[in-house]
Amino acid sequence: MTDAPFDLTIRNGRISNADRTFHADIGVRNGVIAQVAPHLPPGQRDVDASGRWVLPGGIDSHCHIEQLSGMGVMCADDFYSGTVSAAFGGTTTILSFAAQHRADSIPEVVAAYGKLAREKAVIDYGFHLILTNPDETALRDHLPQVIRDGITSLKVYMTYDKLKLDDYQLLEVMSVAGREGALVMMHAENHDMIRWIAHRLLERGHVAPKFHAVAHDKLAESEATNRAIALARLADVPVLIVHVAGRE
């Protein structure tokens, strides 16, 4: 047994956090930072960080891990490989996506992704919910409950056949999010503009991967982004536009 007050003491480092940079020691007990101050007593293990920066762990707020796409393609990383990779890069918290497919209920989705993460993740994690079927039960019961349980960010799509919501559905989701204090994340592209361009590309035999970018014209993004902002103004809620590619 040891009388050391800390399991780990990191000494003489240059600490940088959200509001300032300073020199001090860090004492860790039971995996949690217990004290930050100069000249802390020795720990069971001491690390000399002289001449080095000591930074908080990073937070990756947008990642796709062990997620089945609408096209049936599974992401390369599972929650073990993805979080181990994150830890080696200094990231200690991830926010991944729990993706609903149209036949799935929200509780089923949250339970399934939660089980995967609990069994495999080696760092802290949370979820955004991808919502594809905001039916009456989801809007009345399931979505408010999952927000109250701690999943406070939702992602919705304006394109892709198996993911997209129409404007009325988007407004309904925004209304619930505003009432419950959640943030709506929007993948904003005009579905019919993309479909129209893609059809003409296929007619001309343009099927190489580079034509994916051609089909997703910047006008499709700018139109949908402006529409998403208008919907958010009508619903009186904030909206986060993700995957922005065009200056417009």
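Laboratory data are not the source of any read-out in this text; all were calculated from the coordinates shown. All of these numbers come straight from a predicted model, not from anything done at the bench. Neighbour counts run over all protein chains shown; Cβ positions are idealised from the backbone, glycine included.
Using a Cα-Cα cut-off of under 23 Å, which lysines could be cross-linked to K218, ignoring same-chain neighbours fewer than 8 residues away? Once the sequence-local lysines are set aside, what remains near K218 is K155, K162, K164, K210. Pairs of alpha-carbon atoms within less than 8 angstrom and 6+ residues apart define the contacts here; what relative contact order does the chain have, in percent? Dividing the mean separation by the residue count of the chain yields 12 percent. Take the alpha carbon atoms of segment 178-206, find their center, do the same for segment 34-106, and report the distance between the two centers in whole angstrom. Cα centres, segment 178-206 to segment 34-106: 30 Å.
Residues in segment 229-246 carry Karplus couplings, in order, of 5, 5, 4, 5, 5, 5, 7, 6, 9, x, 9, 10, 8, 9, 6, 7, 10, x Hz; the curve used is 6.51 cos²θ - 1.76 cosθ + 1.60 with θ = phi - 60°, and Gly or Pro positions show x.
Taking the helices alone, the chain has a mean residue ellipticity at 222 nm of -10000 deg cm²/dmol, built from -39,500 (n - 2.57) per DSSP H run of at least 4 residues and averaged over all its residues.
Between E203 and V36, the modelled labels are 6.2 nm apart [label points 7 Å from Cα along Cα→Cβ]. If you run the Gaussian network model on the chain, springs between alpha carbon atoms under 10 Å, then out of Q67, Q44, Q145 the most flexible one is Q44. Largest GNM mean-square fluctuation among L40, L231, L68, using the chain with Cα springs under 10 Å: L40.
Peptides 187-199, 152-164 ordered by packing proxy, namely the average of other Cβ atoms within 10 Å per residue, highest first: 152-164, 187-199. For Rg and Dmax of the Cα atoms in Å, the candidate list reads [x] 22.8, 77; [y] 22.0, 62; [z] 20.9, 84; the entry that matches the value derived from this model is [x].
Residues of segment 188-232 falling in the label zone of Y168, defined by backbone nitrogen less than 17 Å from a point 7 Å along Cα to beta-carbon, are 231. Taking 7 Å steps out from each Cα toward its Cβ at H64 and N226 produces label points 2.8 nm apart. Between 0 and 90 degrees, the angle of helix 79-88 with respect to the longest Cα principal axis of the chain falls at about 50 degrees.
Summarising the strand pairing of segment 2-153, around 40 percent of its internal DSSP beta bridges are antiparallel.
Taking Lys and Arg as +1 and Asp and Glu as -1, the other residues whose beta-carbon sits under 14 Å from that of L143 total -4.
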